[in-house]
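Right, one structure below, let's go through it.
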Amino acid sequence: MEVPIAAMTFAHPVNVMSLASWQPKSKRSHISPATTAHRNLQTRLAHHHHATPASLPMAICNTVDKVINRFIDLPEQRPTVDPRRVLSGNFAPVDELPPTSCHVIRGSIPSCLAGGVYIRNGPNPQHRLPRRTHHLFDGSKVADVPILSLQKPSVMHDFAITERYAIFPESQLIVNPMDMVMRGSSLVGLDRTMVPRIGVLPRYAKDESDMRWFKVPVFNMLHTTNAWEEADGEEIVLVAPNNLSIEHMLGNMELMRARVDMVRINLCTGDVSCTALSPESLEFGVIHQGYVGRKNRYGYFGVSGPLPKIKGIRKLDFDLVGSGDCTVGRRDFGLGCFAGEPFFVPDNIDGYGNEDSGYVVCYTHEEDTGQSWFVVMDAKSPELDIVAEVQLPSRIPYGFHGLFVKQAELLAQQ
Ligand SMILES: [Fe+2]
């Protein structure tokens, strides 16, 4: 089998694996550079790899950053922003690859993946080690829509949608540009006095005056997994990893712990409840993309390895909420082997009961040998059986978010 792949270097580089040259009789794969055709595909990748024009506040921040970078030698770096530490090991940049053949060393690529492209973004800078600070989450993200009813300028990294509403999280992570400039402190800080809230805004509202905020104590969400409406639209249900120790994102990310919660908000009574779905530390949850904004049953999450690396995958059944542990599928990659966010690719079997018919895919990396693989797992099997494994000719740096674009979707972009 032939599988093209490429390592790209953007501000947040994207590793692209194309399964365009699918040849079932051959056990070869090959890797090729990605093209700009992928730029229109990044709904999931957008919040780590964004190309919109900078707003005025962002332009000011960038200018201040350049001045500081140009004229000031900073004192000793904090570990989380020291580029020599943050961009080391398998977080270090890699060069682009020309088209390269590689082996499918185990199983075979399922037909629903044939002709598609797997894209994964990561923290590497476009250029070699930056002189100044570099946090793993640094990038060129720009908020396009200001939300003025926040208690403070909160870090809003992701949001959810239902059929009629957009759902915004307001966490205890706040932005302090003046503190950074005047006192040299971090741009992002923690305000423990704030009670996290969730904002619910009708999707077609002209402005945010219709936003309703609901307090959800100790719910610090960075990424959403899914949200939907129940009880004829009276209730909003949100599934998301809740960062229980979000302060460590600023100091020692390895200590971050995330618990997948189901939050229920009654729009009539204002009642809010929050129920844990798993005892493990899980992040980077994905679902069948056809269920975004609609009630769904299954989610696939990375197991903190520690974060942002993940050491395995857990499949949760949301219908088991209240049981204490909704885990119905699990795979651990083994000692010293880690991955980034998984992605679920359906196998085109539609209809009730088939939400989990398909495959969970991701890159894995073994730290002792430096070897990386593209792994395809059967999402229906309790042990998330590996049905295909492609040995890659280059180390693939750890990343955050993944996206698989099917052949039909690629063709529709052209
Ligand atoms: Fe993210």
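Kirkwood Rh, Cα Rg: Rg to Rh for the range 324-405?
1.00
Can you list residues from other chains, or at least 5 along the same chain, whose modelled amide H is less than 5 Å from the amide H of L190?
Close amide H contacts, sequence-distant or interchain: I174.
Arrange S372, S186, S281 by Cβ neighbour counts within 10 Å, fewest through most, would you?
Ranked by crowding around the Cβ, least crowded first: S186, S281, S372.
Using 7 Å Cα-to-Cβ label points, what is the S88/M182 separation (nm, one decimal)?
Between S88 and M182, the simple spin-label model gives 3.6 nm.
Residue by residue, what Karplus-based ³J(HN,Hα) values in Hz, rounded to whole numbers, does the range 222-231 have, using 6.51, -1.76 and 1.60 with θ = phi - 60° and x for Gly and Pro?
9, 10, 9, 9, 6, 8, 7, 10, 9, 6
Quick check on the exposure proxy: order T275, T100 from fewest to most C-beta atoms within 10 angstrom.
T275, T100
I need the peptides 287-294, 200-207 ranked by packing, meaning the mean over residues of other C-beta atoms within 10 angstrom, with the highest value on top.
Ranked from most to least packed, the peptides come out as 287-294, 200-207.
Between the range 306-321 and the range 360-414, how far is it from one alpha carbon centroid to the other, in angstrom?
17 Å
Would you list, by chain and number, the aspartates and glutamates whose Cα falls below 18 Å from the Cα of K152, excluding same-chain residues fewer than 8 positions away?
Reachable aspartates and glutamates: D144, E170, D179, D191, E208, E247.
Please report M17, M377 as a ranked list, fewest other C-beta atoms within 10 angstrom at the top and most at the bottom.
Result, fewest neighbours first: M377, M17.
Computed from the coordinates by the stated procedures, all read-outs in this text should not be read as laboratory data. Because the structure is a prediction, the values reported are computed rather than measured. Reconstructed Cβ throughout: ideal geometry from the backbone, glycine too, with neighbour counts over all protein chains shown.
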